[in-house]
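Presented below is the structure to which this report refers.
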Amino acid sequence: MRDAEIVASFLARDEQAIREAESKYGAFCRALARNILKRPEDAEEIANDALLAAWQSIPPKTPNNLKTFLGRIVRDKALTRYRALKAQKRGAGSLELLTELEDCVPSPAGVEELAEANELTGFINEWLDMLSKEDAALFVKRYWYGESADELAKKLGCSPLKLSQRLYALRKKLKAFLERKGVLI
Amino acid sequence: MKNSEKMYEAISGIRDDIIESAEALGSRRKGRFAWIGYAAAACLVLGASMFGLSRLAKKPAEAQEAALPTEQSTAAPTEDARRIVTGENGGLNEFVPSTGQRYLLPDLEQAIRASENDGCLFDVEVRIWNYAEVEAYVESEWAKVTDKQNDPAILHYNEEYDYWLDNIYEPTEADLKAQENGKGREAEYFAAYWAENYPQEEQDAYSAAMEAAKEARRAYDASTAPEALKPLRDAAAARLLTKLAEAGFDIGQEEKDGVIINYLHGLLTREQIEGFPVGDCGAFILWYGYNGAADE
(Lines give C-alpha, C1' and ligand atoms only; values in the text may rest on other atoms or scores of the structure.)
Protein backbone atom coordinates (compact mmCIF):
# COMPACT_ATOMS: atom_id res chain seq x y z
CA MET A 1 0.00 0.00 0.00
CA ARG A 2 1.24 3.47 -0.79
CA ASP A 3 2.03 6.01 1.90
CA ALA A 4 -0.82 8.24 0.85
CA GLU A 5 -3.23 5.35 1.25
CA ILE A 6 -1.83 4.40 4.63
CA VAL A 7 -2.18 8.02 5.77
CA ALA A 8 -5.75 7.98 4.45
CA SER A 9 -6.41 4.85 6.54
CA PHE A 10 -4.98 6.57 9.63
CA LEU A 11 -7.24 9.54 8.96
CA ALA A 12 -10.20 7.22 8.51
CA ARG A 13 -9.35 5.64 11.91
CA ASP A 14 -8.91 2.27 10.26
CA GLU A 15 -6.64 0.06 12.40
CA GLN A 16 -5.38 -1.60 9.25
CA ALA A 17 -3.26 1.55 8.91
CA ILE A 18 -1.04 0.44 11.80
CA ARG A 19 -0.56 -2.99 10.28
CA GLU A 20 0.27 -1.51 6.88
CA ALA A 21 2.66 1.01 8.41
CA GLU A 22 4.32 -1.77 10.42
CA SER A 23 4.65 -3.96 7.36
CA LYS A 24 6.14 -1.14 5.28
CA TYR A 25 8.20 0.77 7.83
CA GLY A 26 8.54 -1.48 10.89
CA ALA A 27 12.00 -2.63 9.83
CA PHE A 28 13.05 0.95 9.09
CA CYS A 29 11.87 2.10 12.54
CA ARG A 30 13.69 -0.74 14.30
CA ALA A 31 16.89 -0.12 12.36
CA LEU A 32 16.74 3.60 13.11
CA ALA A 33 16.21 2.96 16.83
CA ARG A 34 19.08 0.44 16.83
CA ASN A 35 21.36 2.88 15.01
CA ILE A 36 20.73 5.63 17.50
CA LEU A 37 20.58 3.83 20.83
CA LYS A 38 22.85 0.88 20.07
CA ARG A 39 20.55 -1.19 22.26
CA PRO A 40 18.88 -3.81 20.06
CA GLU A 41 16.71 -4.88 23.01
CA ASP A 42 14.94 -1.49 22.90
CA ALA A 43 14.48 -1.23 19.15
CA GLU A 44 11.34 -3.34 18.87
CA GLU A 45 9.58 -1.48 21.62
CA ILE A 46 10.52 1.95 20.30
CA ALA A 47 9.26 0.99 16.85
CA ASN A 48 5.94 -0.18 18.32
CA ASP A 49 5.67 2.99 20.40
CA ALA A 50 6.30 5.06 17.28
CA LEU A 51 3.47 3.36 15.40
CA LEU A 52 1.14 3.89 18.33
CA ALA A 53 2.18 7.54 18.54
CA ALA A 54 1.44 7.88 14.82
CA TRP A 55 -2.01 6.43 15.42
CA GLN A 56 -2.59 8.98 18.17
CA SER A 57 -1.34 11.96 16.20
CA ILE A 58 -2.92 11.32 12.75
CA PRO A 59 -5.34 13.09 12.79
CA PRO A 60 -5.01 15.97 13.59
CA LYS A 61 -1.68 15.73 11.76
CA THR A 62 -1.52 14.72 8.10
CA PRO A 63 2.10 13.89 7.33
CA ASN A 64 3.37 14.62 3.83
CA ASN A 65 5.90 11.86 4.12
CA LEU A 66 5.04 8.92 6.35
CA LYS A 67 8.53 7.49 6.50
CA THR A 68 10.22 10.64 7.77
CA PHE A 69 7.25 11.30 10.05
CA LEU A 70 7.74 7.90 11.70
CA GLY A 71 11.49 8.42 11.71
CA ARG A 72 11.12 11.65 13.67
CA ILE A 73 8.94 9.90 16.23
CA VAL A 74 11.51 7.11 16.56
CA ARG A 75 14.30 9.65 17.07
CA ASP A 76 12.25 11.39 19.70
CA LYS A 77 11.42 8.14 21.50
CA ALA A 78 15.05 7.03 21.33
CA LEU A 79 16.20 10.25 22.97
CA THR A 80 13.55 9.92 25.67
CA ARG A 81 14.62 6.34 26.34
CA TYR A 82 18.26 7.43 26.48
CA ARG A 83 17.42 10.14 29.02
CA ALA A 84 15.47 7.67 31.16
CA LEU A 85 18.31 5.15 31.11
CA LYS A 86 20.83 7.85 31.85
CA ALA A 87 18.78 9.15 34.77
CA GLN A 88 18.69 5.64 36.19
CA LYS A 89 22.36 5.08 35.37
CA ARG A 90 21.43 1.81 33.81
CA GLY A 91 24.05 1.27 31.17
CA ALA A 92 22.90 3.86 28.69
CA GLY A 93 26.52 4.90 28.26
CA SER A 94 26.90 8.02 26.22
CA LEU A 95 24.96 8.45 23.04
CA GLU A 96 27.64 8.50 20.35
CA LEU A 97 25.65 10.90 18.20
CA LEU A 98 25.21 13.40 21.02
CA THR A 99 28.92 13.33 21.80
CA GLU A 100 29.73 14.12 18.19
CA LEU A 101 27.06 16.81 17.98
CA GLU A 102 28.79 18.71 20.79
CA ASP A 103 31.22 19.77 18.08
CA CYS A 104 28.48 21.65 16.24
CA VAL A 105 27.32 23.71 19.20
CA PRO A 106 28.08 27.34 18.38
CA SER A 107 29.65 29.87 20.72
CA PRO A 108 28.95 33.16 18.97
CA ALA A 109 30.74 36.32 19.91
CA GLY A 110 28.51 38.80 18.09
CA VAL A 111 24.76 39.14 18.12
CA GLU A 112 23.44 36.37 20.27
CA GLU A 113 19.95 35.04 20.08
CA LEU A 114 18.59 32.00 21.79
CA ALA A 115 17.35 29.85 18.92
CA GLU A 116 14.21 27.80 19.21
CA ALA A 117 14.51 24.23 17.93
CA ASN A 118 12.58 24.99 14.74
CA GLU A 119 14.70 28.07 14.04
CA LEU A 120 17.80 25.99 14.49
CA THR A 121 16.34 23.41 12.09
CA GLY A 122 15.82 26.20 9.56
CA PHE A 123 19.49 27.17 9.80
CA ILE A 124 20.59 23.55 9.46
CA ASN A 125 18.39 23.13 6.37
CA GLU A 126 19.91 26.29 4.91
CA TRP A 127 23.41 25.00 5.59
CA LEU A 128 22.63 21.58 4.09
CA ASP A 129 21.31 23.26 0.94
CA MET A 130 24.70 24.93 0.52
CA LEU A 131 26.68 21.70 0.75
CA SER A 132 27.47 19.32 -2.09
CA LYS A 133 24.84 16.59 -2.45
CA GLU A 134 27.23 13.98 -1.14
CA ASP A 135 28.26 15.98 1.91
CA ALA A 136 24.63 16.77 2.75
CA ALA A 137 23.69 13.12 2.37
CA LEU A 138 26.63 12.06 4.51
CA PHE A 139 25.63 14.42 7.31
CA VAL A 140 22.02 13.26 7.17
CA LYS A 141 22.96 9.59 7.05
CA ARG A 142 25.14 9.96 10.12
CA TYR A 143 23.11 12.37 12.25
CA TRP A 144 19.52 11.70 11.16
CA TYR A 145 19.62 8.02 10.26
CA GLY A 146 22.35 7.33 12.85
CA GLU A 147 24.35 5.11 10.50
CA SER A 148 27.79 4.27 11.81
CA ALA A 149 30.98 5.69 10.35
CA ASP A 150 32.04 2.16 9.39
CA GLU A 151 28.86 1.54 7.39
CA LEU A 152 29.15 4.92 5.70
CA ALA A 153 32.82 4.34 4.88
CA LYS A 154 31.86 1.10 3.14
CA LYS A 155 29.16 2.85 1.14
CA LEU A 156 31.54 5.56 0.03
CA GLY A 157 34.45 3.22 -0.57
CA CYS A 158 36.85 4.97 1.81
CA SER A 159 38.50 4.10 5.12
CA PRO A 160 36.60 4.67 8.39
CA LEU A 161 39.34 7.05 9.49
CA LYS A 162 38.98 9.19 6.40
CA LEU A 163 35.23 9.16 6.81
CA SER A 164 35.51 10.26 10.44
CA GLN A 165 37.75 13.13 9.41
CA ARG A 166 35.22 14.16 6.81
CA LEU A 167 32.40 14.09 9.35
CA TYR A 168 34.50 16.09 11.79
CA ALA A 169 35.11 18.73 9.12
CA LEU A 170 31.36 18.89 8.43
CA ARG A 171 30.57 19.38 12.12
CA LYS A 172 33.09 22.20 12.32
CA LYS A 173 31.61 23.79 9.21
CA LEU A 174 28.14 23.66 10.72
CA LYS A 175 29.41 25.19 13.93
CA ALA A 176 31.07 28.03 12.01
CA PHE A 177 27.90 28.57 9.96
CA LEU A 178 25.72 28.79 13.08
CA GLU A 179 28.18 31.17 14.68
CA ARG A 180 28.04 33.41 11.64
CA LYS A 181 24.27 33.41 12.02
CA GLY A 182 24.66 34.53 15.64
CA VAL A 183 22.85 31.49 16.94
CA LEU A 184 23.02 30.56 20.59
CA ILE A 185 21.53 27.32 21.85
CA MET B 1 18.33 20.02 28.01
CA LYS B 2 21.92 19.71 26.91
CA ASN B 3 23.02 21.66 23.85
CA SER B 4 23.86 18.49 21.96
CA GLU B 5 20.33 17.22 22.65
CA LYS B 6 18.92 20.45 21.28
CA MET B 7 21.05 19.97 18.20
CA TYR B 8 19.80 16.38 17.90
CA GLU B 9 16.20 17.58 18.09
CA ALA B 10 16.83 20.29 15.52
CA ILE B 11 18.35 17.68 13.19
CA SER B 12 15.19 15.56 13.60
CA GLY B 13 13.32 18.33 11.82
CA ILE B 14 15.52 18.43 8.71
CA ARG B 15 13.36 18.80 5.59
CA ASP B 16 11.83 15.64 4.11
CA ASP B 17 13.41 16.13 0.68
CA ILE B 18 16.91 16.36 2.17
CA ILE B 19 16.33 13.22 4.25
CA GLU B 20 14.94 11.32 1.27
CA SER B 21 17.74 12.33 -1.06
CA ALA B 22 20.32 11.07 1.45
CA GLU B 23 18.98 7.56 0.83
CA ALA B 24 20.89 7.43 -2.41
CA LEU B 25 24.28 7.97 -0.75
CA GLY B 26 26.86 5.62 -2.20
CA SER B 27 24.35 3.84 -4.41
CA ARG B 28 26.19 4.86 -7.56
CA ARG B 29 29.53 3.65 -6.27
CA LYS B 30 30.16 0.17 -7.50
CA GLY B 31 33.12 -2.07 -7.23
CA ARG B 32 36.26 -1.48 -9.23
CA PHE B 33 35.10 -3.70 -12.05
CA ALA B 34 31.51 -2.61 -12.15
CA TRP B 35 32.06 -1.22 -15.66
CA ILE B 36 32.33 -4.81 -16.91
CA GLY B 37 28.73 -5.36 -15.84
CA TYR B 38 27.60 -2.20 -17.60
CA ALA B 39 29.52 -3.15 -20.74
CA ALA B 40 27.97 -6.61 -20.74
CA ALA B 41 24.51 -5.11 -20.28
CA ALA B 42 25.15 -2.67 -23.13
CA CYS B 43 26.24 -5.52 -25.43
CA LEU B 44 23.13 -7.46 -24.52
CA VAL B 45 20.85 -4.53 -25.31
CA LEU B 46 22.63 -3.92 -28.61
CA GLY B 47 22.40 -7.59 -29.54
CA ALA B 48 18.76 -7.76 -28.59
CA SER B 49 17.87 -4.77 -30.69
CA MET B 50 19.71 -6.25 -33.70
CA PHE B 51 17.49 -9.30 -33.52
CA GLY B 52 14.37 -7.24 -33.15
CA LEU B 53 13.87 -8.21 -29.53
CA SER B 54 13.22 -4.62 -28.56
CA ARG B 55 9.58 -5.40 -29.26
CA LEU B 56 9.59 -7.09 -25.88
CA ALA B 57 9.80 -3.67 -24.29
CA LYS B 58 6.24 -3.04 -25.39
CA LYS B 59 4.83 -5.77 -23.16
CA PRO B 60 2.46 -4.11 -20.68
CA ALA B 61 4.20 -5.25 -17.51
CA GLU B 62 7.53 -3.85 -18.59
CA ALA B 63 5.97 -0.69 -19.89
CA GLN B 64 4.45 -0.13 -16.46
CA GLU B 65 7.82 -0.45 -14.81
CA ALA B 66 9.29 2.04 -17.20
CA ALA B 67 6.48 4.43 -16.29
CA LEU B 68 6.86 6.28 -19.56
CA PRO B 69 3.99 8.11 -21.12
CA THR B 70 2.31 6.55 -24.11
CA GLU B 71 0.37 8.46 -26.72
CA GLN B 72 -2.96 7.84 -28.35
CA SER B 73 -4.95 9.83 -30.85
CA THR B 74 -8.36 9.24 -29.38
CA ALA B 75 -9.87 12.61 -30.14
CA ALA B 76 -12.27 13.09 -33.03
CA PRO B 77 -10.47 13.96 -36.28
CA THR B 78 -11.54 17.59 -36.42
CA GLU B 79 -9.44 20.70 -36.88
CA ASP B 80 -9.69 21.35 -33.14
CA ALA B 81 -8.64 17.83 -32.15
CA ARG B 82 -5.68 17.83 -29.82
CA ARG B 83 -3.48 14.84 -29.26
CA ILE B 84 -4.14 13.14 -25.94
CA VAL B 85 -1.17 11.94 -23.96
CA THR B 86 -1.67 9.10 -21.52
CA GLY B 87 0.77 7.34 -19.26
CA GLU B 88 1.22 4.79 -16.54
CA ASN B 89 2.28 5.53 -13.05
CA GLY B 90 4.43 2.55 -12.14
CA GLY B 91 5.87 2.75 -8.62
CA LEU B 92 4.97 6.17 -7.28
CA ASN B 93 3.88 8.58 -4.68
CA GLU B 94 5.22 8.75 -1.21
CA PHE B 95 3.71 12.17 -0.70
CA VAL B 96 0.55 13.65 0.76
CA PRO B 97 0.02 17.27 -0.30
CA SER B 98 -0.98 19.79 2.38
CA THR B 99 -3.34 22.65 1.65
CA GLY B 100 -1.63 24.92 -0.86
CA GLN B 101 0.66 22.21 -2.24
CA ARG B 102 0.46 20.90 -5.80
CA TYR B 103 2.51 17.78 -6.41
CA LEU B 104 3.00 16.28 -9.86
CA LEU B 105 4.12 12.72 -10.49
CA PRO B 106 7.69 13.20 -11.81
CA ASP B 107 7.01 11.22 -15.01
CA LEU B 108 3.96 13.33 -15.73
CA GLU B 109 5.92 16.50 -15.05
CA GLN B 110 8.56 15.37 -17.52
CA ALA B 111 5.92 14.57 -20.14
CA ILE B 112 4.11 17.90 -19.88
CA ARG B 113 7.39 19.76 -20.30
CA ALA B 114 8.50 17.77 -23.34
CA SER B 115 8.41 19.99 -26.43
CA GLU B 116 6.88 17.22 -28.56
CA ASN B 117 3.83 17.42 -26.31
CA ASP B 118 3.23 21.13 -26.90
CA GLY B 119 -0.48 21.79 -27.27
CA CYS B 120 -1.50 18.29 -26.14
CA LEU B 121 -4.07 17.28 -23.57
CA PHE B 122 -2.99 15.03 -20.73
CA ASP B 123 -5.24 12.31 -19.36
CA VAL B 124 -4.79 12.78 -15.62
CA GLU B 125 -6.20 11.95 -12.24
CA VAL B 126 -6.13 14.63 -9.55
CA ARG B 127 -6.34 13.48 -5.96
CA ILE B 128 -7.62 16.24 -3.73
CA TRP B 129 -6.44 16.21 -0.13
CA ASN B 130 -6.84 18.54 2.79
CA TYR B 131 -9.45 21.14 1.92
CA ALA B 132 -8.56 24.32 3.79
CA GLU B 133 -12.05 24.57 5.16
CA VAL B 134 -12.01 21.01 6.52
CA GLU B 135 -8.53 21.49 7.94
CA ALA B 136 -9.60 24.70 9.67
CA TYR B 137 -12.62 22.95 11.12
CA VAL B 138 -10.52 20.01 12.42
CA GLU B 139 -8.01 22.43 13.91
CA SER B 140 -10.72 24.41 15.65
CA GLU B 141 -12.16 21.20 17.06
CA TRP B 142 -8.69 20.11 18.23
CA ALA B 143 -8.17 23.51 19.88
CA LYS B 144 -11.17 22.74 22.08
CA VAL B 145 -9.39 19.58 23.28
CA THR B 146 -6.08 21.31 23.99
CA ASP B 147 -7.95 24.08 25.77
CA LYS B 148 -9.39 21.52 28.19
CA GLN B 149 -6.08 19.71 28.48
CA ASN B 150 -4.43 22.97 29.52
CA ASP B 151 -6.81 23.53 32.41
CA PRO B 152 -4.84 24.99 35.38
CA ALA B 153 -5.88 22.03 37.55
CA ILE B 154 -4.33 19.56 35.09
CA LEU B 155 -1.19 21.66 34.65
CA HIS B 156 -0.84 21.83 38.43
CA TYR B 157 -1.17 18.04 38.70
CA ASN B 158 1.48 17.57 36.02
CA GLU B 159 3.88 19.96 37.77
CA GLU B 160 3.40 18.14 41.04
CA TYR B 161 3.95 14.84 39.29
CA ASP B 162 7.25 16.03 37.82
CA TYR B 163 8.38 17.29 41.23
CA TRP B 164 7.43 13.99 42.86
CA LEU B 165 9.25 12.04 40.17
CA ASP B 166 12.48 14.01 40.60
CA ASN B 167 12.50 14.51 44.36
CA ILE B 168 10.32 12.02 46.18
CA TYR B 169 9.90 8.86 44.16
CA GLU B 170 12.35 6.09 44.98
CA PRO B 171 11.99 3.28 42.49
CA THR B 172 12.80 -0.29 43.42
CA GLU B 173 14.88 -2.56 41.21
CA ALA B 174 11.66 -4.07 39.89
CA ASP B 175 10.31 -0.59 39.06
CA LEU B 176 13.47 0.26 37.15
CA LYS B 177 13.25 -2.97 35.24
CA ALA B 178 9.60 -2.24 34.42
CA GLN B 179 10.51 1.29 33.27
CA GLU B 180 13.16 -0.09 30.96
CA ASN B 181 10.53 -2.31 29.41
CA GLY B 182 8.22 0.66 29.03
CA LYS B 183 5.86 -0.70 31.67
CA GLY B 184 6.72 1.64 34.53
CA ARG B 185 3.98 2.24 37.11
CA GLU B 186 5.10 5.72 38.23
CA ALA B 187 1.88 7.38 37.10
CA GLU B 188 -0.13 4.90 39.09
CA TYR B 189 2.05 5.40 42.20
CA PHE B 190 1.74 9.15 41.92
CA ALA B 191 -2.04 8.93 41.60
CA ALA B 192 -2.10 7.10 44.95
CA TYR B 193 0.31 9.62 46.48
CA TRP B 194 -1.83 12.47 45.17
CA ALA B 195 -5.00 10.98 46.61
CA GLU B 196 -3.35 10.64 50.03
CA ASN B 197 -1.47 13.91 50.30
CA TYR B 198 -3.28 16.68 48.47
CA PRO B 199 -6.29 18.74 49.65
CA GLN B 200 -9.66 17.37 48.59
CA GLU B 201 -10.54 20.52 46.64
CA GLU B 202 -7.42 20.22 44.45
CA GLN B 203 -8.27 16.59 43.82
CA ASP B 204 -11.84 17.48 42.89
CA ALA B 205 -10.70 20.25 40.57
CA TYR B 206 -8.29 17.87 38.87
CA SER B 207 -10.88 15.11 38.51
CA ALA B 208 -13.41 17.51 37.03
CA ALA B 209 -10.83 18.96 34.63
CA MET B 210 -9.72 15.49 33.52
CA GLU B 211 -13.28 14.42 32.93
CA ALA B 212 -13.88 17.56 30.86
CA ALA B 213 -10.70 16.88 28.85
CA LYS B 214 -11.78 13.30 28.16
CA GLU B 215 -15.23 14.47 27.15
CA ALA B 216 -13.69 17.07 24.83
CA ARG B 217 -11.58 14.33 23.23
CA ARG B 218 -14.65 12.13 22.74
CA ALA B 219 -16.49 15.06 21.18
CA TYR B 220 -13.52 15.73 18.91
CA ASP B 221 -13.40 12.09 17.78
CA ALA B 222 -17.10 12.22 16.95
CA SER B 223 -17.07 15.59 15.20
CA THR B 224 -14.03 14.80 13.07
CA ALA B 225 -14.81 11.19 12.19
CA PRO B 226 -14.66 10.70 8.40
CA GLU B 227 -18.45 10.36 8.13
CA ALA B 228 -18.97 13.53 10.16
CA LEU B 229 -16.60 15.47 7.91
CA LYS B 230 -18.06 14.12 4.69
CA PRO B 231 -20.72 16.83 4.17
CA LEU B 232 -18.09 19.52 4.69
CA ARG B 233 -15.70 17.77 2.32
CA ASP B 234 -18.41 17.21 -0.29
CA ALA B 235 -19.40 20.87 -0.19
CA ALA B 236 -15.77 21.91 -0.61
CA ALA B 237 -15.41 19.43 -3.51
CA ALA B 238 -18.52 20.82 -5.21
CA ARG B 239 -17.19 24.36 -4.91
CA LEU B 240 -13.83 23.29 -6.33
CA LEU B 241 -15.50 21.57 -9.29
CA THR B 242 -17.61 24.65 -10.03
CA LYS B 243 -14.53 26.82 -9.89
CA LEU B 244 -12.66 24.47 -12.22
CA ALA B 245 -15.55 24.33 -14.70
CA GLU B 246 -15.75 28.13 -14.75
CA ALA B 247 -12.03 28.26 -15.47
CA GLY B 248 -12.47 25.90 -18.43
CA PHE B 249 -11.09 22.69 -16.92
CA ASP B 250 -12.49 19.55 -18.56
CA ILE B 251 -12.61 17.57 -15.34
CA GLY B 252 -15.12 15.64 -13.21
CA GLN B 253 -15.30 13.63 -10.05
CA GLU B 254 -14.73 9.87 -10.07
CA GLU B 255 -16.97 7.56 -8.11
CA LYS B 256 -14.36 6.16 -5.76
CA ASP B 257 -14.24 5.93 -1.98
CA GLY B 258 -13.76 9.62 -1.35
CA VAL B 259 -13.99 9.68 2.41
CA ILE B 260 -10.57 11.23 2.77
CA ILE B 261 -9.58 11.95 -0.82
CA ASN B 262 -11.61 13.17 -3.79
CA TYR B 263 -10.57 11.68 -7.10
CA LEU B 264 -10.99 13.86 -10.21
CA HIS B 265 -10.42 12.77 -13.78
CA GLY B 266 -9.92 15.03 -16.75
CA LEU B 267 -8.10 15.99 -19.91
CA LEU B 268 -5.99 18.97 -18.98
CA THR B 269 -3.51 21.17 -20.77
CA ARG B 270 0.02 21.72 -19.57
CA GLU B 271 -0.93 25.15 -18.25
CA GLN B 272 -3.95 23.78 -16.40
CA ILE B 273 -1.84 21.09 -14.74
CA GLU B 274 0.93 23.48 -13.77
CA GLY B 275 -1.56 26.03 -12.56
CA PHE B 276 -4.04 23.67 -10.93
CA PRO B 277 -5.64 25.80 -8.19
CA VAL B 278 -4.55 24.72 -4.73
CA GLY B 279 -5.46 27.80 -2.73
CA ASP B 280 -8.06 25.82 -0.80
CA CYS B 281 -6.77 22.26 -1.02
CA GLY B 282 -3.77 20.04 -1.68
CA ALA B 283 -3.53 18.23 -5.04
CA PHE B 284 -1.53 15.26 -6.22
CA ILE B 285 -1.68 14.93 -10.01
CA LEU B 286 -0.82 11.66 -11.73
CA TRP B 287 -1.66 9.72 -14.86
CA TYR B 288 -5.21 8.45 -15.06
CA GLY B 289 -5.80 4.71 -15.20
CA TYR B 290 -3.58 1.87 -14.11
CA ASN B 291 -1.56 3.01 -11.13
CA GLY B 292 0.94 0.26 -10.60
CA ALA B 293 0.96 -2.85 -8.46
CA ALA B 294 0.17 -1.01 -5.25
CA ASP B 295 -3.31 -0.15 -6.53
CA GLU B 296 -4.25 -3.75 -7.18
Checklist entry - How big is the charge dipole of chain A about its Cα centre, in debye rounded to the nearest 20, if each Lys and Arg gets +1 on its Cβ and each Asp and Glu gets -1 on its Cβ? => result 480
Checklist outcome for this item: When all Cα-Cα pair distances of chain A are considered, the percent exceeding 27 Å is 38
Checklist entry - Relative contact order for chain A: what is it in percent, counting Cα pairs under 8 Å that are at least 6 residues apart? => result 23
Next on the checklist: Restricting the calculation to Cα positions, tell me the Rg (one decimal) and the Dmax (whole number) of region B:137-226 in Å.
Outcome noted: 16.1, 48
Checklist outcome for this item: With B:Trp194 itself left out, Lys, Arg at +1 and Asp, Glu at -1 over residues whose Cβ is under 10 Å from its Cβ give -3
Checklist outcome for this item: Residue span B:Asp221 to B:Glu170: 0.36 nm per residue of separation minus Cα-Cα distance leaves a gain in nm of 14.6 nm
Item to check | Extreme residue, positive dipole direction of region A:47-86, given options A:Leu52, A:Tyr82, A:Gly71 (C-beta unit charges) | outcome: A:Tyr82
Next on the checklist: In square angstrom and rounded to 100, what buried accessible area do you get between chains A and B, total over both, with the probe at 1.4 Å?
Outcome noted: 5400
Checklist entry - Using only the Cα atoms of region A:3-87, what do you get for the radius of gyration and for Dmax, in Å? => result 12.6, 40
Checklist entry - In nanometres, what is the gap between the two model label sites at B:Thr242 and B:Lys230, each 7 Å from Cα along Cα-to-Cβ? => result 2.2
Checklist entry - What is the distance, in nm, between label points placed 7 Å from the Cα along the Cα-to-Cβ direction at A:Glu134 and at A:Phe28? => result 2.6
Item to check | Percent accessible area from carbon and sulfur atoms, region B:137-226, protein chains only, probe 1.4 Å | outcome: 50
Checklist entry - Between region B:166-219 and region A:135-166, how many Å separate their Cα centres? => result 44
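The values are calculated or read from the model by the stated rules, or taken from the named source; none is laboratory data. This structure is a prediction, so every number in the text was calculated from the model and none was measured. Reconstructed Cβ throughout: ideal geometry from the backbone, glycine too, with neighbour counts over all protein chains shown. The area values use the complete protein model at the heavy-atom level, side chains included, leaving out ligands, DNA and RNA. Shrake-Rupley method; radii C 1.70, N 1.55, O 1.52, S 1.80 Å.
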